[in-house]
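Colleague: Okay, here's the structure, questions in a sec.
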């Protein structure tokens, strides 16, 4: 089940979530290294908020110099809103969830682009982009498209961190075009 949208609507919490997407796990120390501009107290406070809100889980604990260091992961589906979850949202909550999703997505893309500030010419060698496509589909064709996408992506979602691999983000937003949609039952 997705997290409450307001839980994710904070710049530091969005960055923590982005750092853990794709099955990544991180200790607080690793998160500090990835977010060096965030004050340590702020980072710990926002991790605690994400834990309390159910967005994170502790997947490992070990002692480091007398303190317990925790390794965090995102709970499954915390930033996903599929058809089942969307059906349970009010229009206002759906708007909030979409906003949280888009802000997190934008923050990740900006972070990627920021890595090319010193040598923008090297960006041309990267595979990246965004686009929107519209299709005319029956309900059965739409169900088939969704099933085909899930089947195509499933083997890649099972990959974990390892030599030669880097995280790649693919985001989708699916909705009927309101101006062309027929009312249900027609």
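Colleague: Take region 159-186 and flag every residue that is at pLDDT below 80 and either loosely packed, with under 10 Cβ neighbours inside 10 Å or not in a loop (DSSP other than H, G, I, E, B) (or both).
Modeller: Matches in region 159-186: 178, 179, 180, 182, 183, 184, 185, 186.
Colleague: What single numbered condition from (1) surrounded by fewer than 16 Cβ atoms within 10 Å (Cβ to Cβ); (2) closer than 19 Å to residue 111 by Cβ fails to hold for residue 8?
Modeller: Among (1) surrounded by fewer than 16 Cβ atoms within 10 Å (Cβ to Cβ); (2) closer than 19 Å to residue 111 by Cβ, residue 8 violates only (1).
Colleague: Of all residues being under 16 Å from residue 6 (Cα atoms) and in contact with a strand residue (DSSP E or B) (Cβ under 9 Å, 6 or more places away or on another chain) in region 49-80, which is modelled with the lowest pLDDT? Just the residue, please.
Modeller: Applying the filter and picking the extreme gives 78.
The values are calculated or read from the model by the stated rules, or taken from the named source; none is laboratory data. Note that this is a predicted model, so its numbers are computed, not measured. Heads up, the Cβs are rebuilt from the backbone with ideal geometry, glycines too, and the neighbour counts pull from every protein chain shown.
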